[in-house]
Amino acid sequence: MNGQKEESRTVVCGQKEAIFVNINPGMVFVADMTKFTFYGHASFSIETGGKTLLFDPFFTGNPLAKDIDTDKIMADYIFITHGHGDHTGDLVALAKKTGALCVGAFEVAGWLQKNGVEKVHPLNHGGPVAFDFGKARAVNAIHSSSFGDGSYAGNPLGYVFTTANGNFYVSGDTALTMDMQLIPLWAAKLDFAVFPIGGNYTMDPADAIHASDFVKCNTVVGVHYNTWPIVTIDTEKAKADFAAAGKKLLLPGVGKTIEL
């Protein structure tokens, strides 16, 4: 580093530390708060390490996202958990508009390429993959996965992220599974987890409480609920049930950003 000794200092920012590292004169890296923005249903973005990760973009046909201006959606990466239309509805359009690198199952990556998206990274269950914001590991999700035409979309996936700003787990659409007990082996301390809580197709709030025990994380952001009657829940009861278990259920409003 030009013979310069690296120095660092930490400053408490809310309940987390912001880490300032002097790489060389005139260059400062800041590890700041991770931000979560909810777009309704199971679409959201996470900002970490100066990068924006968009998940399962579904705006067209999403009744909760009618006021979201997709022209303002930015992304450096798009992570896809599976091929269902309520997770890929606007994937191709936003991938082309943003130029983001799309990360998903091998079959999803191939489908994207067939639809004119060039920047893809295929993966599957296995070891972590290094990106410029940190590492992502694809893990098991208990669900199904197919494209709108019924063709096979590979395995449904969740993702475990380890970054300089902290660690988090995005389960994707899934039922409660004992496989979640493996998560702490790969991320000893999760700052938060993102779980579906609407039931019927995925976990409900009671299952999500058990899931938070399995992954050893008491802060959960709920998604995949109250989009349609079939996945409607009592949100106040859900938050109360989490609180009674000594946990926090965060349900940000559509279009709202929270810091984690």
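In the range 99-197, what % of DSSP beta bridges are antiparallel (nearest 5)? Provide the component values of the computation, followed by the final result.
On the way: 16 of 23 bridges.
Within the range 99-197, antiparallel bridges account for around 70 percent of the total.
What are the residues whose amide H is under 5 Å from the amide H of F58, where those residues sit 5 or more places off or on another chain and H is modelled from the backbone?
D90
Indicate the gyration tensor shape class of the range 110-209 (rounded, prolate or oblate), computed on the Cα atoms with a ≥ b ≥ c the square roots of the eigenvalues: a/c under 1.5 is rounded; otherwise a/b larger than b/c is prolate and the rest oblate. Walk me through the numbers on the way to the answer.
On the way: a/c = 2.17, a/b = 1.13, b/c = 1.91.
Taking the square roots of the gyration eigenvalues as a ≥ b ≥ c, the range 110-209 is oblate.
Let me know the charge dipole size of the chain about its Cα centre in debye, to the nearest 20, where only the beta-carbon of Lys, Arg (+1) and Asp, Glu (-1) is charged. Before the final figure, lay out each step's value.
Working: 20 positive and 26 negative charges, 91 e Å.
So the magnitude is around 440 debye.
For W228 and D69 in one chain, what is 0.36 nm times their gap in residues minus the Cα-Cα distance, to one decimal in nm?
On the way: separation 159, 0.36 × 159 = 57.24 nm, distance 2.11 nm.
In short, 55.1 nm is gained.
Tell me, what is the FRET efficiency for E259 and S146 to the nearest 0.05, using R0 = 51 angstrom and their Cβ-Cβ distance as r?
Details: r = 36 Å, r/R0 = 0.70.
For R0 = 51 Å, the calculated efficiency reads 0.90.
With a/c under 1.5 counting as rounded, go ahead and sort the range 187-245 into rounded, prolate or oblate using the C-alpha gyration tensor (a ≥ b ≥ c being the square roots of the eigenvalues; past the cut-off, prolate if a/b is larger than b/c, else oblate).
Details: a/c = 2.30, a/b = 1.68, b/c = 1.37.
It comes out prolate by the Cα gyration axes.
Once every DSSP H run of n ≥ 4 in the chain is given -39500 (n - 2.57) and the sum is divided by its residues, what mean residue ellipticity at 222 nm do you get, rounded to the nearest 500 deg cm²/dmol? Intermediate values should be presented prior to the final figure.
Working: 6 runs with 46 residues, N = 260.
One gets -4500 deg cm²/dmol as the mean residue ellipticity at 222 nm.
For the range 107-147, take every pair of Cα atoms, bin their distances at 5 Å starting from 0, and report each bin as a whole percent.
5, 19, 21, 23, 22, 10, 0
So what is the relative contact order for the chain, in percent, with contacts set as C-alpha pairs under 8 Å and at least six apart?
Numbers: 598 pairs, mean separation 39.7, N = 260.
The value is 15 percent.
In terms of Cα to Cα distance under 25 Å, which lysines are near enough to K247, apart from those fewer than 8 places away along the same chain?
K16, K35, K189, K216, K237, K239, K256
Quick check: pseudo-label points 7 Å beyond the Cα along Cα→Cβ at K216 and Q113, how many nm apart are they?
3.9 nm
According to the square roots a ≥ b ≥ c of the eigenvalues of the Cα gyration tensor, what is the shape class of the range 33-259, taking rounded for a/c under 1.5, prolate for a/b larger than b/c otherwise, and oblate for the remainder? Write out the running numbers ahead of the final one.
Details: a/c = 1.40, a/b = 1.24, b/c = 1.13.
It comes out rounded by the Cα gyration axes.
Run the simple label-point estimate for T235 and D179 please: 7 Å along Cα→C-beta, distance reported in nm.
For the pair T235/D179, the computed spacing is 3.0 nm.
Any idea how far the Cα center of the range 134-194 sits from the one of the range 53-97, in Å?
Going from one Cα centre to the other spans 18 Å.
Could you tell me what percent of the DSSP beta bridges with both partners in the range 33-259 are antiparallel, to the nearest 5?
Details: 28 of 48 bridges.
Here the share of antiparallel DSSP bridges comes out near 60 percent.
Using 1/(1 + (r/R0)^6) with R0 = 41 angstrom and r between the beta carbons of H121 and K248, what's the FRET efficiency to the nearest 0.05?
Working: r = 32 Å, r/R0 = 0.79.
My answer for the efficiency is 0.80.
Values quoted throughout were computed directly from the atomic coordinates according to the rules given, and no laboratory measurement underlies them. Note that the structure is a prediction, hence the values are computed from the model and not measured. Positions of Cβ are generated from backbone atoms using ideal geometry, with glycine treated the same way; all protein chains shown enter the neighbour counts.
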